[in-house]
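Asker: What follows is a structure written as structure tokens; I'll ask about it next.
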Amino acid sequence: MMSEHQPENQFEIDVQNDDGYAFDAARLQAAAGAVLTRHDVAEGTTLTIVVTSNEDVASLNRDFRGVDAPTDVLSFPADIPPMPGEPPYLGDLIIAYPYASAQAQREGHALMDSLALLVVHGTLHLLGYDHDTMEHKAEMWQAQETALTALGISPDIVPALEAGTDHDED
């Protein structure tokens, strides 16, 4: 198993890449860190980013959301509170690399910018954001824009990717 585990500021962000896809793991860690540093998140908070195949994501999407298809990113918030004295574990982000890569190419965006957006979006879901109502969507998109701007990514990437995707949280 290929895994890069390094702290992003005061957080522990583990990136798993079992299939050996070519991407900058540190950039994904920075994307999650950009979200976490802008929220009241405890020092030592951890999360895992898994970059995997369309088939793996389709299986999870089918099992947990009843959607028999791949998607770009799934967020699985941790449902167990941390043990006393242990850092909080936010949960897992699962990204379908081939799906996200094709999506970036179709939309004309740099792959790493698109992957960073998926990490930002998924991390916001782990923190409880959602886009199920217009009010919630406005709040989430504002937080997303703030993180993207901090990463040097134009917020203009969001509407094109968000319009045609089926990602969501568990």
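Asker: Tell me which residues, restricted to region 91-142, are closer than 25 Å to N17 by Cα, among the charged types (D, E, K, R) and in contact (Cβ under 8 Å) with a residue 12 or more places away in the chain. Steps first, answer last, please.
Answerer: Quick first cut of region 91-142, residues closer than 25 Å to N17 by Cα only: 91-127.
So of that shortlist, the ones also among the charged types (D, E, K, R) come out as 92, 106-107, 113.
Within region 91-142, D92, E107, D113 meet the criteria.
Asker: Something else about it: Which members of region 82-121 meet the condition of being out of contact with any strand residue (DSSP E or B) (no Cβ under 8 Å at 6 or more places or on another chain) and closer than 17 Å to T48 by Cβ?
Answerer: E86, A116, V120
Asker: Hey, could you check region 107-160 for residues that are among the polar types (S, T, N, Q) and either in contact with a Cys (Cβ under 8 Å, 6 or more places away or on another chain) or within 19 Å of R27 (Cβ to Cβ) (or both) and say which is modelled with the lowest pLDDT?
Answerer: The initial filter retains those residues of region 107-160 that are among the polar types (S, T, N, Q), namely 114, 123, 133, 142, 144, 146, 149, 154.
Still in the running and either in contact with a Cys (Cβ under 8 Å, 6 or more places away or on another chain) or within 19 Å of R27 (Cβ to Cβ) (or both): 114, 123, 144, 146, 149, 154.
Numbers: S114: 95, T123: 97, Q144: 95, T146: 95, T149: 94, S154: 91.
Per the criteria, the residue is S154.
Asker: Follow-up. Determine which member of the set D68, D113, D72 is exposed (fewer than 15 other Cβ atoms within 10 Å of the Cβ) and of a type in the set (D, E, K, R).
Answerer: D68
The values are calculated or read from the model by the stated rules, or taken from the named source; none is laboratory data. This is a predicted model, so every value here is computed, not measured. We place every Cβ from the backbone using ideal geometry, glycine too, and count neighbours over all the protein chains shown.
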